[in-house]
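Report on the structure given below.
The values are calculated or read from the model by the stated rules, or taken from the named source; none is laboratory data. Just so it is clear, the structure is predicted and the values come from calculations on it, not from any experiment. Cβ: placed from backbone, ideal geometry, glycine included. Neighbour counts: every protein chain shown. Side chains are part of the model used for accessible areas, which takes the heavy atoms of the whole protein and leaves out ligands, DNA and RNA. Shrake-Rupley method; radii C 1.70, N 1.55, O 1.52, S 1.80 Å.
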Amino acid sequence: NAMDSFAMMDHSGKNMFKVRSGPNSNLASYKGKWISHFGAGQGSSGFVRRDVNGAVIDTMRVDAPYQTDFHEARILTDTSYLILGFEIRTVDLSGIVPGGRVDANVTYNIIQEKTFEGRTLFSWHSKDHIPVTDAADGVELTQALVDYLHINSIWKDTDGNYLASCRHLDEIIKINGIIGT
């Protein structure tokens, strides 16, 4: 309805109630129990989890020092969620990429499965598994900011492994849910 709110509607499209949330994106529902959306404000960002009446329950985030990525958080069960994060590190790409900068800021992606109580069940970091040079043709690796992976979506498969849609690899990758490879 607006950039600073969202509304619940009945089947005829009539607003039942409106929640003033501030700027938000990626609104999702979970089994008629909860609503989640990305929100940023006052130096902290994350996915806000609300009850069906719009009251805030908590905020889902990746572990520090990483930042929560607005692209994806998925509530998996009544006790856990999957969330995407990132970090930016200064890396010398001059010896790795022709024309690469000595001070490139590389964006690395983090995937975590967490409980609502704050325990991290699984954590995966792209820098440990996928080199910058795996980026698809057309991804410019000589720029000051290099986003070589750019995960847009994550999911936990029925076999306990994780799927990630990587825009800048032109791939969907499958990550082993036990060892992370």
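Pick from Gly100, Gly85, Gly39: which residue has the top mean-square fluctuation in a GNM of the chain where Cα pairs under 10 Å get a spring? Maximum fluctuation in the GNM of the chain, among the listed residues, is at Gly100. Here the label points at Glu87 and Thr181, each 7 Å from Cα along the C-beta direction, are separated by 2.3 nm in the simple model. Inverting the pair-averaged 1/r between distinct Cα atoms of region 16-112 gives 15.1 Å as its Kirkwood hydrodynamic radius.
Rounded, prolate or oblate for region 126-165? Axes are the square roots of the Cα gyration tensor eigenvalues, ordered a ≥ b ≥ c, and the cut-off for rounded is a/c under 1.5. The shape class here is prolate. For Lys114, the lysines whose Cα falls under 22 Å of its own Cα, not counting residues fewer than eight places away in the same chain, are Lys31, Lys33, Lys127, Lys156, Lys174.
On a per residue basis, region 65-164 carries 47 Å² of accessible surface, using protein heavy atoms and a 1.4 Å probe. Springs between alpha-carbon atoms under 10 Å, Gaussian network over the chain: tell me which of Asn105, Asn161, Asn15 tops the mean-square fluctuations. Its mean-square fluctuation being the largest, the pick is Asn15. For the chain, which whole percent of the accessible surface, found with a 1.4 angstrom probe, sits on carbon and sulfur atoms? Of all accessible area on the chain, carbon and sulfur atoms account for 50 percent.
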